[in-house]
1. Helix-derived [θ] at 222 nm for chain B: sum -39500 (n - 2.57) over DSSP H runs of at least 4, divide by residue count, nearest 500?
2. If you take every DSSP beta bridge fully contained in chain A, what fraction is antiparallel? Give it as a percent rounded to 5.
3. About the Cα centre, and with charges only on the beta carbon of Lys, Arg (+1) and Asp, Glu (-1), how big is the dipole of segment A:2-231? Nearest 20 debye, please.
4. For the peptides A:17-29, A:86-98, B:71-83, what is the packing order when you average, over each peptide's residues, the other Cβ atoms within 10 Å and list the highest mean first?
5. Given q = 0.11, 0.20, 0.22 Å⁻¹, what are the Debye log10 I(q)/I(0) values for segment A:98-234, with equal point scatterers placed on the Cα positions and solvent ignored?
6. How much mean residue ellipticity at 222 nm does chain A get from its helices, if each DSSP H run of length 4 or more adds -39500 (n - 2.57) and you divide by all residues, to the nearest 500 deg cm²/dmol?
7. May I ask you to derive the FRET efficiency for A:Leu119 and A:Ile59 from their Cβ-Cβ distance with R0 = 45 Å, giving the value to the nearest 0.05?
8. Find the percent of Cα-Cα distances in segment A:67-118 that exceed 13 Å, and round it to a whole number.
Amino acid sequence: MLNIENIDVNYGAIRALVQVSLEVNEGEIVALIGANGAGKSTTLRSISGLVKPQSGKIIFEGKEIHNFPPHKVVEIGISQVPEGRRVFPLMTVLENLELGAFSRKDRAGIKEDINNIFLRFPRLEERKQQPAGTLSGGEQQMLAIGRALMSRPKLLLMDEPSMGLAPMLVQEIFNIVKEINQTGTTILLVEQNARMALSIANRAYVLETGSLAMSGSAKELAENEEVQKAYLGH
Amino acid sequence: MLSNFFVQLMNGIALGSTYALIALGYTMVYGIILLINFAHGEIFMSGAFVGLILVTVFHVHIIIAFLGAMLFCMIMGVIIEKIAYKPLRRSTRLAALISAIGVSIFLSNLANLIFGANPTSYPPTKEILFPVKSFELFAGAQVTNLQILIIATSAILMIILQYFIKNTRIGKAMRATSQDYDTAALMGINVNKIISYTFAIGSSLAAAGGVLVGIYFGVVKYNMGTLVGLKAFTAAVLGGIGSIPGAMFGGIALGIGEMFAVAIGLSSYRDAIAFGILIIVLLVKPTGLFGTEIQKKV
Ligand SMILES: Nc1ncnc2c1ncn2[C@@H]1O[C@H](COP(=O)(O)OP(=O)(O)OP(=O)(O)O)[C@@H](O)[C@H]1O
Ligand SMILES: [Mg+2]
């Protein structure tokens, strides 16, 4: 479904990604793990068109998309839950969700999807007229996830959805990720919480300072000694 | 005494509502691309001249001229952004600022070349609109029909803007883009289009201000955009740059402040009032009265 082929991304003199290749197949949850500054967010930002790779290709459903502007990437079915939630703080919960559906025109479908999100996250419904900036961290994360679902993506990119949340909420977020996947959305999940990520993913990649260090099935990686030492704290 | 107070108040609100119209353009553009559009004052000036030409050369009704000036500057603002700012989007903010100053100098020199250095008169209000009359609202409280027209026109434009920003799809996208540029793009919003809309709306409001100022003061001049532009910018900063209600409030507050300075005999300092306010706001509360401190991520 998604193929990244040898992309390089530089921020000025900083080489954030060097010859990174990865693949996501339809229906999978693929985890991308790595330390701070490894280039995980940069990978997702390149897919979404927020940064342009200096070389290499990004192919989605057979189409080269590395020159697409971000709004075109959303239109072809890729949306992102950005790092740090990034809800629009001065807009209401409802407006945030409506913005997630910006690329769609089917009013009835949008309404239905908002209702579905409220069913899944009742706390958002109670707060639908409240500015998103007044929500708690966990609620903001639910909103960011709901908002990303509003475009009805085929592929959902999630950048550290468990960041800064209490352990109980972390568990809940991972359950939600699994649920979203089970309803037919493919997921590329960036996480620092490698243990959790590997427990729900089918496959995983490990990024180290901008390059791919390892890849394989989630199970393999979870049992790998190096991974255990570096990311699972054994 | 009371009557004088009221007259100055009405003068101040009329003047201030034109500042507010112009301040909106500064604040909207800054809210989205963090650029102080130094050419905005010249767009206001261009609007004033386009309105004048439409009335005196093409003999259209002043209402048509008013709308024509808005349309002209709408297009002009969009083109300026595409030529002078868009190519610098990924450069430093200083580069875009210098480009804006360049556009500003270019436009006022162009106007100087076309219209000369002397002030040009607007046709008398009684020919293009109605004879100016004073009304007495209550004991000694005078207001002219021209002032009412200027205040009402500005108010209508600002209400339409407020409705647009709050309720329409594009308006919501504009707010989202000003709160978080990258995340707005992740929503499927074409941010380049939103930036064009912002320049279009801001520039047409400045043009409206230009025609109103032309009618109110009766003269226009190639360099009128510099001083009024700086004052409107002050109004935007006073209200909190990036805040739309702030720009409206700041403009009217500045207009009233200026007229009262004149009333208490400080008329030779009237222009200094604005800059005094600018300095005080920047020192004491740089976010302005309505400014928020949401973190900008661009
Ligand atoms: N806008 C930017 N300008 C300059 N350098 C950047 C920029 N964004 C990221 N970088 C650099 O690129 C490298 C990769 O950053 P990236 O944000 O992709 O890492 P990450 O794996 O997501 O880290 P974290 O786990 O901390 O979120 C880092 O060295 C970072 O400092
Ligand atoms: Mg990151």
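The values are calculated or read from the model by the stated rules, or taken from the named source; none is laboratory data. As the structure is a prediction and not an experimental result, all values here were calculated from the model. All Cβ positions, even for glycine, are placed from backbone atoms using ideal geometry, and neighbour counts span all protein chains on display. Areas reflect the complete protein model, heavy atoms only, side chains present, ligands, DNA and RNA absent. Shrake-Rupley method; radii C 1.70, N 1.55, O 1.52, S 1.80 Å.
1. -24000 deg cm²/dmol
2. 50 percent
3. Its charge dipole is roughly 560 debye.
4. In descending order of packing, they fall as A:86-98, B:71-83, A:17-29.
5. With one equal scatterer per Cα and no solvent, log10 I(q)/I(0) is -0.47, -1.21, -1.38.
6. That comes out to -11000 deg cm²/dmol.
7. 0.80
8. Cα-Cα pairs in segment A:67-118 separated by more than 13 Å: 65 percent.
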